[in-house]
Amino acid sequence: MQTRRTDQAEPRAGSRSSACRRERFVIVGFAPEDGGGLAKLRLARRDGDALIYVGRVGTGWSRKSAVEIRRAQTLLARPTCPLARPIMRADTMWIKPRYEAEVAFTQITTDGMLRLPSFKRLL
């Protein structure tokens, strides 16, 4: 039989650890937002010379930094997807993989995608 001290808080149902990992990922594209902003960045990891898609990040930047990031990325536009296994996304402008982003996330899913990513900074 387990006992619990009465002064301890009751555990919440469905609560989970908020531990985050941080890693660097290559920016391979972005989805523009009206007004010169940024809706999301498309990210990849390097595997030798290949770029493997790991998902998108759509949060973590201010309005001002979104405009600055988009301005820098627009100069690197390219007509095709730079990924080893190209994906088709109508909303995405593909770019040359010159910049990296530091991204916080909770885990990597079994299919290699980032779970709950949040942009931290441009590298």
Can you name the residue in segment 22-48 that is modelled with pLDDT under 95 and among the charged types (D, E, K, R) and is also farthest from T92 (Cα to Cα) among such residues? D34
Residue check, A19 against (1) surrounded by fewer than 20 Cβ atoms within 10 Å (Cβ to Cβ); (2) small (G, A, S); (3) part of a strand (DSSP E or B), all met but one. Which one? (3)
Please work out which residue is nearest to the chain's Cα centre (by Cα), limiting yourself to segment 52-85 and to residues that are crowded, with 18+ Cβ neighbours inside 10 Å, of a type outside the set (V, I, T) and closer than 19 Å to A104 by Cα. R56
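The values are calculated or read from the model by the stated rules, or taken from the named source; none is laboratory data. These numbers come from a predicted model, not from an experiment. When we count neighbours, we look across all protein chains shown, and the Cβ atoms used for this are built from the backbone with ideal geometry, even at glycine.
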